[in-house]
Amino acid sequence: MVDAQRDITVSELDDLIGRMREAGQDPREIEEFKTVLSGGRQIRAEQRAGFTRTAIVYALRYGGKALAWLLRYFSEEAAGYVLRHATALGDFLDAAEHWAVNEIAGFLQRMGVPAGPARTIAEVIVSLV
């Protein structure tokens, strides 16, 4: 599944913060995550998962280096589907109370993504959190 370094970097978060500001959005949650990462502060697993969820949603919505961080976990085919449906996927994930593979894969299939890539994308997203 996902073997590479899972944490988004401070540089990727800086880029995301800039993109959010350009779009007129409030980047406070991402700035807090950046402060935690750059300070090397220990945080609970649940808090880290929450920050990662937020970073994934905003990366899908605003692109840039943060989206590149996310896309490196996918095959070329799967990355193409993620890019094609990034905003809708970000909105879906933002609204979802719990991130589960079957629900994410089902959403992607309703968007026209074939079952195999939809499941792979869902598994990777869930594994990152």
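Descriptive notes on the structure:
- Taking only the Cα atoms of the chain, the ratio Rg/Rh comes out at 0.95, with Rh defined as the Kirkwood radius.
- Whole-number percent relative contact order across segment 10-70, with pairs defined as alpha carbons under 8 Å at least 6 apart: 47
- For segment 24-94, the spread of Cα coordinates along the three principal axes comes to 36, 28, 20 Å, biggest extent given first.
- Residue separation of Gln25 and Asp94 scaled by 0.36 nm, minus their Cα-Cα distance, works out to 23.4 nm of gained length.
- Pairs of Cα atoms nearer than 8 Å and 6+ residues apart set the relative contact order; for the chain it is 27 percent.
- Dipole check for the chain: with +1 at the C-beta of Lys and Arg, -1 at the C-beta of Asp and Glu, and the Cα centre as origin, the magnitude is about 60 Debye.
- Scattering curve values for segment 75-128, log₁₀ I(q)/I(0), Debye with Cα scatterers, q = 0.12, 0.26, 0.27 Å⁻¹: -0.20, -1.05, -1.14
- Cleavage-rule hits, GluC sites (Glu not before Pro), segment 76-129, DSSP coil, Cβ neighbours within 10 Å at most 15: Glu97
- Residue with peak Gaussian network fluctuation, the chain [Cα springs, cutoff 10 Å], from Thr52, Thr35, Thr87: Thr35
- GNM top mover of Gly112, Gly64, Gly90 - the chain, alpha-carbon springs below 10 Å: Gly112
- Gained length - Gln109 relative to Thr87, 0.36 nm times residue gap less alpha-carbon distance: 6.4 nm
Laboratory data are not the source of any read-out in this text; all were calculated from the coordinates shown. All of these numbers come straight from a predicted model, not from anything done at the bench. A quick note on method: Cβ atoms are made from the backbone with ideal geometry, for glycine too, and the neighbour counts reach across all protein chains shown.
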